[in-house]
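Report on one structure; see the data block that follows.
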Amino acid sequence: MKLIVSLCNKKESVIKERKERVLYPKVFLLEVDTETEKIKPVRIRWWTWRPKGVTGLAKYKDGFLCLLQAKRHKLFFLDKNYKVRKKWGLKYVKDGHSLLVKDDKVYIASTGNDSIVEFLPERGEEKVYWKANEGKKDTLHINSIAYLDGNLVISAFGKKEKDNWLYSKNGYILDITDGKVIKNGLFHPHTLISKNGKLFFCESARRKIRSLEEDLLQIEKGYVRGLAIYKDEIAFGISHARKKSKSTGRMNDMNDNLIRSFQAGCGIWIYKKVKGDFQPVKFIDLFPYSNEIYDILPI
């Protein structure tokens, strides 16, 4: 299986912190072959928008969409040969995270203003589809969106604990179509995936892959984000602990037990179902390329 992997928060400040040199500092997409473990950097000319990475990925027509992390977000349409077919500026998206393509519409988790933005690529039209409140700040950390049983559902961290997202254990999954919370008490939920009528997601800070009904697997170390499920295999990303909080700008205590549990490098785990349980098959190390993975897309 081949995967496209998006690398986020790949900033100069992060690169300078590292002991090892970062490979391809301006590359934010990798093609990863999980069988051969071959890693192919995908070079795109992002031009002059001071990009920091790529977050959301989604299949679209004969290629895929990717959301560029920059001061003003850009949505790119790349074909199967990684050629830029089209790009759009997004005026309503602030700190954009995951993407969902449904029919002719793209839904974007606009984390920086607690909203979901709807975009029509064929027309270039954009509007705020849904918002949690009237504010213009990130107060809930809405980050992912999926389509389940005819409704749109989102994941969010919930309210901050002690002015910091790090220990926010009030995360939830909300059906924004009918306004019902369908799962709560989550510790950093990310990467909603709807498959065969079931909803799967990462509970990042507890290092788990879950469905609404059960825990599928848990790992010992690493911040879990980015998920692909196919046949009897699961691929998911782990990211390394941040030295500095993105939301507060303060340095994290790297000896804190929770932070220590995220200090496991950066890469892709492949698990396979054996006799009813998921077992680790291999780990593909991507730490030479980045500290953080955001999304994974099978191609």
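Just so you know, all these numbers are worked out from the coordinates, no wet-lab data involved. Computed from a prediction, not measured in an experiment: that's the story for all the values here. Neighbour counts run over all protein chains shown; Cβ positions are idealised from the backbone, glycine included.
The table below lists the values:
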quantity	calculated
Test: residue in segment 277-296 that is without any contact (Cβ under 8 Å) to a residue 60 or more places away in the chain, within 27 Å of residue 101 (Cα to Cα), hydroxyl-bearing (Ser, Thr, Tyr) and buried (at least 20 other Cβ atoms within 10 Å of the Cβ)	no
Residue check for residue 38: surrounded by fewer than 14 Cβ atoms within 10 Å (Cβ to Cβ) and over 19 Å from residue 297 (Cα atoms)	no
Residue identified as of a type in the set (A, V, I, L, M), closer than 21 Å to residue 67 by Cα and crowded, with 20+ Cβ neighbours inside 10 Å among 193, 209, 108	108
Some residue of segment 120-141 being under 18 Å from residue 73 (Cβ atoms), within 17 Å of the chain's Cα centre (by Cα) and touching a residue at least 24 places away in the same chain (Cβ under 8 Å)	yes
Strands (runs of 3 or more DSSP E) completely within segment 209-290 that count 3 or more residues being farther than 20 Å from residue 6 by Cβ	215-218, 267-274, 277-285
Residue 200 being surrounded by 16 or more Cβ atoms within 10 Å (Cβ to Cβ), of a type in the set (A, V, I, L, M, F, W, C), free of Cβ contacts under 8 Å to residues at least 40 places away in the same chain and under 28 Å from residue 174 (Cα atoms)	yes
Qualifying residue in segment 17-35 (condition: surrounded by 14 or more Cβ atoms within 10 Å (Cβ to Cβ), under 19 Å from the mean Cα position of the chain (by Cα), outside any loop (DSSP other than H, G, I, E, B) and among the charged types (D, E, K, R))	yes
